[in-house]
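Before any comments, here is the structure.
The values are calculated or read from the model by the stated rules, or taken from the named source; none is laboratory data. Remember, predicted model here, so these are calculated numbers, not experimental data. Methodologically, a virtual Cβ is constructed for each residue, glycine included, from the backbone with ideal geometry; neighbour enumeration extends over all protein chains shown.
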Amino acid sequence: MAGGRAVVRDLRRVNRGSVLRLLFFDGPLNRVELGALTGLSSGSVTNLCAALLEEGLIIEVGQEQSEGGRPRVQLDVNRDFGGIIGVEIGESGVRVEAFDFRLGVLDTVQVDLHPMRCTPEVTIAAVTAAIDELVAMFNAAGRLLLGVGIAVPGMVEYRGDGSRVHAPNLGWHGVPLEQLVSERVGAPVFVENGAKALGQVEMWLGAGRGAQHAVVALWGTGVGSAIFVSGVLYRGATSSAGEWGHACVVVGGRMCRCGSAGCLEAYIGAEGLLSAWQEADPKAPLSDPDEEEWADQLLEAASLCPGAQQTLEQAATFFGVGCANLANLFNPELIVVGGWLGHKFGPALMSRIAETMQEQALDYAAAGVELALGHFGDDAVALGASTLVVAELLATGGTLPASPAARTARAAWQ
């Protein structure tokens, strides 16, 4: 009997999740449309919607006329159901933002910190202080904190007792970030690689929406990617798939920060690109590669200085070669270019990148690949981190699990 009740609860959770997911991505919708799209009976839809309305997860947003019948009530997710905090821990900075349930920005806390120059403890303390500030804002507005999503520039190991972060560029080795932050803020915490978080938001709401086989490339201080197969993020055996920046493009080439030679990141990452400009042009600024101003200066100089122009052309060539490798390996229909360098250089270099990809990839594989610039700017990774919380809510029918172990077990089952 107990097993039967569990099956009913699980089925109800799945059905609630189906309704919530449709309303989140395609709402507003009426009950008749929800029934047609989910395959549920009208009675089931009515009962599910009544419960979701009572709990405040969804709201009525008006009526629409139906053919020959009563007006139909339109339903949508309730953006004010609660608040979500998205955190980007980057190599050169930290961004902490508050979002509503519709992923609209509510507020931002500035964090003056360079994670590569700090211990993990200092970074985590600064992040939790910023989270506390936003939680206080939520409390003052009577808004429930639904959870915290954190994106990191490294690999995330998922374990039964919570995730651990391996980010060599930050000096992080097995840092139990999820546990440390959740203990301090008293809310569910979800941790993901930054490129994967960016990929999820682009696939949900941006340039990748509607694509089934896609790669979202993060071009910034570092270089990474998120690979989607049949609409699902491909993680690999240890969740480290997508380290595109460390694919070798020149045997015995430039040394990369990872310790290997000839990595793609060594040629198009911020440090490698600035070094290439300085080698090609004696007038190039002696800037910190983490400061974004040099990229604007490089774009401006390219129209006047052969060395700057050569630097950008080489970057486009290497990026195009990297895209050709993606086309040959994964046969995507779409490659989305994101990240702060991607948004600065993409508009000027996209055609050259596409040409190189077509030249280097197999004709049949490259013919079906579209290149597109990502839709989201500076807050893309923090926004992507917030989708981790929303994804959990949609998957659980509006109920977050109580422990990291429960999330790990469910993720493994899926």
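Observations
- Residue satisfying all of: in segment 284-294; hydrophobic (A, V, I, L, M, F, W, C) and assigned to a loop (DSSP other than H, G, I, E, B); surrounded by the most Cβ atoms within 10 Å (Cβ to Cβ) among these: ALA284
- Filtered by the rule that a residue be more than 17 Å from THR387 (Cβ to Cβ) and either out of contact with any Ser or Thr (no Cβ under 8 Å at 6 or more places or on another chain) or in the same structural domain as VAL32 (by TED's automatic domain parsing) (or both), segment 67-91 gives GLU67, GLY68, GLY69, ARG70, PRO71, ARG72, VAL73, GLN74, LEU75, ASP76, ASN78, ASP80.
- Residue check for MET155: surrounded by fewer than 18 Cβ atoms within 10 Å (Cβ to Cβ) and either modelled with pLDDT under 95 or outside the structural domain of ILE335 (by TED's automatic domain parsing) (or both): no
- Qualifying positions in segment 81-100 - over 14 Å from ILE150 (Cα atoms) and either modelled with pLDDT under 95 or of a type in the set (Gly, Ala, Ser) (or both): PHE81, GLY82, GLY83, SER92
- Taken as a whole, segment 207-224 holds no residue that is assigned to a strand (DSSP E or B), touching a Pro at 6+ places or on another chain (Cβ under 9 Å) and closer than 27 Å to VAL135 by Cβ.
- Enumeration of residues in segment 330-340 that are surrounded by fewer than 23 Cβ atoms within 10 Å (Cβ to Cβ) and touching a strand residue (DSSP E or B) at 6+ places or on another chain (Cβ under 9 Å): PHE330, GLU333, LEU334, TRP340
- Qualifying residue in segment 228-249 (condition: assigned to a strand (DSSP E or B), closer than 21 Å to GLY339 by Cβ, aromatic (Phe, Trp, Tyr) and in contact with a helix residue (DSSP H, G or I) (Cβ under 7 Å, 6 or more places away or on another chain)): yes
- Residue match in segment 295-318 (condition: assigned by TED's automatic domain parsing to the domain that holds GLY236, crowded, with 23+ Cβ neighbours inside 10 Å, under 29 Å from MET116 (Cα atoms) and under 21 Å from the mean Cα position of the chain (by Cα)): no
- The set of residues in segment 20-38 being under 10 Å from ILE58 (Cβ atoms) and either touching a Lys or Arg at 6+ places or on another chain (Cβ under 8 Å) or touching a residue at least 60 places away in the same chain (Cβ under 8 Å) (or both) consists of LEU20, PHE24.
- Any chance ASP161 is out of contact with any strand residue (DSSP E or B) (no Cβ under 9 Å at 6 or more places or on another chain) and either outside any helix (DSSP H, G or I) or in the same structural domain as MET350 (by TED's automatic domain parsing) (or both): yes
- Figure legend. Inter-residue proximity from segment 41-54: first residues not assigned by TED's automatic domain parsing to the domain that holds GLY397, second residues buried (at least 17 other Cβ atoms within 10 Å of the Cβ) and among the basic types (Lys, Arg), beta-carbon distance below 9 Å, spacing 6+ or different chains. Indicated pairs: SER42/ARG31; VAL45/ARG31; THR46/ARG31; LEU48/ARG16; CYS49/ARG31; ALA51/ARG16; LEU52/ARG16.
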